[in-house]
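Each remark here refers to the structure printed beneath this line.
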Amino acid sequence: MSNNLLKGKRGIISGALDPNSIAWKIAEKAFEQGAVFTLTNAPIAMRMGEIKKLAEKTKAEIIPADATNMDDLSNLFTKSQEILGGKLDFVLHSIGMSTNIRKNIPYTELNYDFYTKALDVSAMSLHKMLNVAMKMDALNEWGSVVALSYIAAQRTYPFYNDMAESKAMLESIVRSFGYHYGKAKKVRVNSISQSPTKTTAGSGIKGFDDFFNFADSLSPLGNASAESCADYCITLFSDHTRMVTMQNLFHDGGYSTTGVSTEVMEKFSDK
Ligand SMILES: NC(=O)c1ccc[n+]([C@@H]2O[C@H](COP(=O)([O-])OP(=O)(O)OC[C@H]3O[C@@H](n4cnc5c(N)ncnc54)[C@H](O)[C@@H]3O)[C@@H](O)[C@H]2O)c1
């Protein structure tokens, strides 16, 4: 269903790896809602080829960019404006990676090179994107930048490892850059704190399926799907949320404010 919420808007969508990716669903919905955009991902993700299907479906061009590399990002913002024919209105940051998690290294024994890399890829890359966009004056007034986060930024989830600090840093950049970009150009910066979602990044986390079920039974509405996350994201790109900025917005079926649910209690009942 389209209400043309993004008609006339131009943007950049990062992080679509395969059809399970949250960014994949966001690209599909943005296209449905009338937006034009470029797709980007790390050059290595291109080799897997799936993103080309999304590009065809959404009539988008793909611009490879390692989100930690300033030259790649400059090229991304320059080419996107050339291809789309003007300044941009929205940017999606949907990027996360932890080598410590991939290699099953426990939190108390983190490899610090991997730790630094995780912070760079998953958090500092948002700062780098915003820095490039601001210097180039690539975003229109009231433009909207959205990054994806997780509640481990606020609370401890032992299996989330060094991604917890990555998300805490990401959310802090949302506030700090959001202030400066808002003052300078009325550009908005927010993060969506999403429920556990079955994607490549999500499922890489040890015990993910058990935890997915736990979160689902704690949340009064159940876990939020990638598709509903995409719907929410579209509203943040649209003009209907113009005064929302510097926020971390929970999109989690009520999980973040639920203490306990009857379903979870029943599992501990001795009757
Ligand atoms: N899946 C979940 O449970 C969940 C929950 C909350 C938040 N998130 C966040 O959502 C975002 C998207 O993840 P997803 O779950 O859709 O998984 P995903 O694996 O589909 O997406 C992660 C993306 O990051 C890209 N990436 C990694 N390193 C990069 C680099 N150097 N430069 C550019 N791109 C790079 C990957 O290629 C991939 O496309 C991440 O920030 C993730 O932390 C996921």
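Select from the range 246-271 the residues that are under 24 Å from residue 226 (Cβ atoms) and hydroxyl-bearing (Ser, Thr, Tyr) and write down the one among them that is farthest from the chain's Cα centre (by Cα).
This residue is 261.
All but one of (1) of a type outside the set (A, V, I, L, M, F, W, C); (2) open to solvent by 20 Å² or more (accessible area, probe 1.4 Å); (3) within 16 Å of the chain's Cα centre (by Cα) hold for residue 158, so report the exception by its number.
Every listed condition holds for residue 158 apart from (3).
Right, residue 167: crowded, with 24+ Cβ neighbours inside 10 Å and of a type in the set (D, E, K, R) or not?
The answer is yes for residue 167.
Anything in the range 181-210 that is open to solvent by less than 60 Å² (accessible area, probe 1.4 Å), within 9 Å of the ligand (Cβ to nearest atom) and of a type outside the set (Gly, Ala, Ser)? List them, or say none.
Answer for the range 181-210, where residues must be open to solvent by less than 60 Å² (accessible area, probe 1.4 Å), within 9 Å of the ligand (Cβ to nearest atom) and of a type outside the set (Gly, Ala, Ser): 192, 194, 196, 197, 199, 205, 208.
Considering only residues that are open to solvent by less than 10 Å² (accessible area, probe 1.4 Å) and farther than 14 Å from residue 148 by Cβ, look in the range 1-17 and name the one that is nearest to the ligand (Cβ to nearest atom).
Among them, the one singled out is 12.
Using the structure shown, decide if residue 207 is in contact with a helix residue (DSSP H, G or I) (Cβ under 7 Å, 6 or more places away or on another chain), on the phi > 0 side of the Ramachandran plot, at pLDDT 95 or above and not hydrophobic (A, V, I, L, M, F, W, C).
For residue 207, the condition - in contact with a helix residue (DSSP H, G or I) (Cβ under 7 Å, 6 or more places away or on another chain), on the phi > 0 side of the Ramachandran plot, at pLDDT 95 or above and not hydrophobic (A, V, I, L, M, F, W, C) - is not met.
Could you list, ordered by first residue, the pairs with Cβ atoms under 8 Å in which the first is in the range 102-121 and free of Cβ contacts under 8 Å to residues at least 24 places away in the same chain and the second is of a type in the set (D, E, K, R), at least 6 apart or interchain?
Note: pairs meeting the criteria are 111/103.
So that you can scan it fast, the table gives a plain yes or no per residue for (1) buried (at least 18 other Cβ atoms within 10 Å of the Cβ); (2) assigned to a helix (DSSP H, G or I); (3) not aliphatic (A, V, I, L, M):
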position: 19; (1), (2), (3): no, no, yes
position: 23; (1), (2), (3): yes, yes, no
position: 26; (1), (2), (3): yes, yes, no
position: 31; (1), (2), (3): yes, yes, yes
position: 44; (1), (2), (3): no, yes, no
position: 56; (1), (2), (3): no, yes, yes
position: 65; (1), (2), (3): yes, no, no
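Could you check the range 153-208 and list, in sequence order, the residues that are over 20 Å from residue 26 (Cα atoms), outside any helix (DSSP H, G or I) and of a type outside the set (A, V, I, L, M, F, W, C)?
Result: 154, 155, 156, 157, 161, 162, 186, 204, 206, 207.
The values are calculated or read from the model by the stated rules, or taken from the named source; none is laboratory data. Remember, predicted model here, so these are calculated numbers, not experimental data. Ideal geometry is used to build each Cβ from the backbone, glycine not excepted, and the neighbour counts take in all protein chains shown. These accessible areas exclude ligands, DNA and RNA; they are computed on the full protein's heavy atoms, side chains included. Shrake-Rupley method; radii C 1.70, N 1.55, O 1.52, S 1.80 Å.
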